[in-house]
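Novice: I'd like to ask some things about the structure below.
Computed from the coordinates by the stated procedures, all read-outs in this text should not be read as laboratory data. Just so we're clear, the structure is a prediction, and the values are computed from it rather than from any experiment. Using ideal geometry, Cβ is built from the backbone for each residue, glycine included, and neighbour counts are taken over all protein chains shown.
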Amino acid sequence: MEHEQEARAALDGVRRMQTSVEGELNRNRPRWWMDILYAAGFYTVLASLELGTWISPAVAGLGFAMLFLAVGLGILRAARGGVRGPRRVWTPARAVGAAAWLAAMFAVFWAVRTLAEGFLPEWAAPVVAAVPAAVLSWFFVHWLGRLGFGPGRPAARAE
Amino acid sequence: MAAPRFDELIHASTRLSIMAMASAGKGVEFRFIRDELGVSDSVLSKHLGALEAVGYITVHKESIGRGWRRTLVDITEEGEAAFQGHVAALDAIIGRTERHGPETGGQAPGGVRGGGSEHAGSDPGTVPRES
């Protein structure tokens, strides 16, 4: 009986500590607007493809800047926490999942662009096709956030 | 699931908590562990030293710019195996009691004996308690 109580108390302690680590990760996850900034950057890069010799590189540069800014700010925010990340984030299945996400985003972009080219000017097709791809990229970065920081956003008081 | 293996070294409350945190996260900061456990720097350092000495964790410093450094704790593969084995042993102790009733003695599944310190070193591979 004494051993059982001691074992129960020890296991409760283990669960409490693991919950603390999960809470710490969750507190320092990237903010929601960083996900939006990432998706907006992804949209801008894809939408810039047919905007002309001089405009395309400038707009694409802006898009990449938004992408890198979103990732950089997320890394900086996560680095403030007491835990760098969960262990074993990248399993083979998750790596395959990430590749599937990327493939899906570009496939959707390509398919919508192909369809839109029949109705829209050449420069406008990527602008339209980038919308669903950017929405997918938001889900993708949200999924990455779940892998890296656990499910759910921090409570308002923890912000 | 890991095979149950009671480990006296990590059964001590503070060390078990350290192992639990290190198992849940990658690069757990010294300051975070200290604050969660409510212990002094020296006490935590002593426990970390004991766990590091047997190869269960690694402790390393990381520069975070502007001359600031932080100390991070990571669990090793050996430490993870020992921790999972110990948790399985605790589960086995509870399972044994639930099956046999609260006043029943006997040996736990997987060759695990009891949960108290009086059983120190009773299993193969058990790490002796350090002071």
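Novice: Give me a comma-separated list of calculated 3J(HN,Hα) values for the range B:2-12, in order, Karplus coefficients 6.51, -1.76, 1.60 applied at θ = phi - 60°, integers in Hz, x for any Gly or Pro.
Specialist: Per residue, the Karplus-derived 3J(HN,Hα) values read 6, 6, x, 8, 5, 10, 4, 4, 9, 6, 4 Hz.
Novice: Per-residue Cβ counts within 10 Å, from other chains only, averaged over B:82-95: what number is that?
Specialist: 3
Novice: Please compute the net charge surrounding B:ARG70, taking Lys and Arg as +1 and Asp and Glu as -1 over other residues with Cβ under 15 Å from its Cβ.
Specialist: So the environment of B:ARG70 carries a net charge of +2.
Novice: Starting from the Cα-Cα distance between A:TRP33 and A:ALA104, subtract it from 0.36 nm times their residue separation and give me the gain in nm to one decimal.
Specialist: 23.3 nm
Novice: Residue by residue through the range A:139-146, what is 3J(HN,Hα) from phi via Karplus (6.51 cos²θ - 1.76 cosθ + 1.60, θ = phi - 60°)? Round to whole Hz and write x for glycine and proline.
Specialist: Those phi angles translate into 5, 4, 5, 5, 5, 4, x, 5 Hz.
Novice: If R0 is 35 Å, what FRET efficiency do you get for B:LYS61 and A:VAL135 from their C-beta distance, rounded to 0.05? Don't jump to the answer; show the numbers that get you there.
Specialist: Working: r = 43 Å, r/R0 = 1.21.
According to the calculation, E is roughly 0.25.
Novice: Ok, one more. Find how much the distance from A:LEU76 to A:ALA93 grows on full extension, using 0.36 nm per residue of separation minus their present alpha carbon separation; answer in nm with one decimal.
Specialist: Full extension from A:LEU76 to A:ALA93 adds 3.4 nm.
Novice: Follow-up question, since we're still on this one. May I ask you to derive the FRET efficiency for B:ALA53 and A:ALA9 from their Cβ-Cβ distance with R0 = 22 Å, giving the value to the nearest 0.05?
Specialist: 0.25
Novice: Sequence-distant or interchain residues sharing an amide H contact under 5 Å with B:ILE57, placed H: which?
Specialist: B:GLU52, B:THR76
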